[in-house]
Amino acid sequence: MILVTGGAGFIGSNFVLDWLAQGDEPVVNLDKLTYAGNLANLASVQGDTRHTFVQGDIGDTALVERLLAEHRPRAIVNFAAESHVDRSIQGAEDFIVTNIVGTFRLLEAARAYWAGLPEAERGAFRFLHVSTDEVYGSLAPDAPAFTESHVYEPNSPYSASKAASDHLVRAWHHTHGLPVLTTNCSNNYGPFHFPEKLIPLMIVNALAGKPLPVYGDGQQVRDWLYVKDHCSAIRRVLEAGTLGETYNVGGWNEKANLNIVHTVCDLLDEMAPRAQGGSYREQITHVKDRPGHDRRYAIDARKIERDLGWKPAETFDTGIRKTIAWYLANEAWVRDVQSGGYRDWVAAQYGAQ
Ligand code: NAD
């Protein structure tokens with residue numbers, strides 16, 4: 001049994017689906033169901049007795065303690081977070097409350113639970129914290145990619161809150177001995193990605209005939225990883241990672257945002273040509289850049305590759321094709337997310353949440 005938090009979000013739901021596809025170990029999934037949480041992502045495991053969904057907050061200590069006592073997980077995998085940089089610029093409070101205070105409370109509940117486990121189970125217990133490359137700040141164009149020893153220089157309220165949570169996790173290991181692992185991953189893309197983020201936003205807007213907004217000159221560079229490769233990395237770190245260590249996870253796929261948008265347009269031209277002809281590229285519009293926008297992130301993933309033998313299964317070319325195919329095949333999911341209709345679906349499937 002493992003406890004996953006934030007398992008109704010983009011990466012968390014992919015992780016839960018992958019986990020249940022790989023083996024029979026049950027999952028308790030604790031998610032607050034913010035705007036980003038979507039139980040429709042988990043429709044294919046609805047009724048599967050290996051998956052227990054609990055709506056709730058990682059900051060609700062009494063609830064977390066109850067879940068730990070009841071289900072006795074051998075690991076906690078913490079995905080729960082506020083995750084959207086633009087939203088953190090509009091208002092950072094939820095980011096502070098969930099990403100920092102929530103992680104703190106989860107760590108405290110985990111510590112009490114772990115300390116009370118019989119010795120054999122205590123040795124096997126793991127707290128895996130899922131984090132981001134954004135904690136390292138912005139890289140100069142010719143600087144080497146981020147290694148695990150790169151200084152933390154977060155620039156957005158989102159990345160600052162994630163950096164704080166990483167430090168708390170580290171401290172709970174060094175001070176209290178909690179058996180923690182941290183992963184810092186580059187930008188993910190793939191199925192169930194909420195259409196406020198770059199790739200799904202471009203796909204969805206392109207198909208709807210809407211403008212494709214590109215921040216500033218579009219030359220901000222990000223490193224991209226197909227979400228299922230992130231999931232396999234987390235599984236691998238959980239299985240074999242060295243306690244107290246952090247692992248950078250990335251696919252060696254540095255791309256400028258504008259290149260990503262061009263790739264999405266070109267593939268859509270091939271896979272879902274515009275009714276009126278011409279290219280989706282005609283819908284691109286440049287908009288005012290995000291304040292404090294980091295220019296470049298790049299992950300050096302050699303440690304996880306070398307020490308744990310992990311490598312991604314997808315290249316960017318294969319992953320982006322799969323992603324676009326998924327969005328084309330799942331227009332109803334997109335419509336529901338946009339309309340809030342999925343909340344009605346959840347109420348019908350699970351009762352009012
Ligand atoms: P997401 O926003 O899609 O999902 C977050 C989930 O957490 C949602 O289901 C939400 O309902 C839940 N949640 C929020 N606050 C909660 C709380 N207080 N208690 C319980 N649940 C809560 O995010 P994502 O893109 O899936 O990211 C998951 C994790 O991975 C985050 O910690 C994020 O920082 C990290 N990460 C994301 C990326 C990326 O590219 N998306 C890259 C690296 C790391």
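Derivation of every value follows stated rules applied to the coordinates shown; laboratory data play no part. None of the values given here were measured: they were computed from a predicted structure. Using ideal geometry, Cβ is built from the backbone for each residue, glycine included, and neighbour counts are taken over all protein chains shown.
Remarks
- Hey, G102 in contact with a Lys or Arg (Cβ under 7 Å, 6 or more places away or on another chain) and within 15 Å of the ligand (Cβ to nearest atom) or not: no
- Among the residues of region 292-340, the ones that are among the polar types (S, T, N, Q) and either assigned to a helix (DSSP H, G or I) or farther than 29 Å from N38 by Cβ (or both) come to 4 in all.
- For the residues V16, V4, the requirement of being among the hydrophobic types (A, V, I, L, M, F, W, C), assigned to a strand (DSSP E or B) and more than 7 Å from the ligand (Cβ to nearest atom) singles out V4.
- Subset of region 232-260 that is outside any loop (DSSP other than H, G, I, E, B), in contact (Cβ under 8 Å) with a residue 60 or more places away in the chain and of a type in the set (A, V, I, L, M) - its residue that is surrounded by the most Cβ atoms within 10 Å (Cβ to Cβ): V249
- Here E70 fulfils each of the conditions (1) in contact (Cβ under 8 Å) with a residue 12 or more places away in the chain; (2) more than 10 Å from the ligand (Cβ to nearest atom) apart from (1).
- Top-ranked residue of region 83-99 - restricted to ones that are more than 24 Å from L178 (Cα to Cα) and within 8 Å of the ligand (Cβ to nearest atom), ranked as surrounded by the most Cβ atoms within 10 Å (Cβ to Cβ): S83
- Inside region 35-67, residues that are polar (S, T, N, Q) and touching a residue at least 40 places away in the same chain (Cβ under 8 Å) make up a count of 5.
- Just one of (1) touching a helix residue (DSSP H, G or I) at 6+ places or on another chain (Cβ under 8 Å); (2) more than 30 Å from T5 (Cα to Cα) fails for T285. It is (1).
Residues are listed down the side, and each one gets a yes or a no for (1) surrounded by fewer than 23 Cβ atoms within 10 Å (Cβ to Cβ); (2) within 12 Å of the ligand (Cβ to nearest atom):
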| site | (1), (2) |
| --- | --- |
| L117 | yes, no |
| F127 | no, no |
| D142 | yes, no |
| S161 | no, yes |
| H173 | yes, no |
| H176 | yes, no |
| L181 | no, no |
| P191 | yes, yes |
| A208 | yes, no |
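- Candidates V151, V204, V169: the one that is of a type in the set (V, I, T), crowded, with 18+ Cβ neighbours inside 10 Å, closer than 27 Å to R302 by Cβ and away from the ligand (no atom under 11 Å from the Cβ) is V169.
- Qualifying residue in region 269-291 (condition: part of a strand (DSSP E or B), β-branched (V, I, T) and farther than 23 Å from A325 by Cβ): yes
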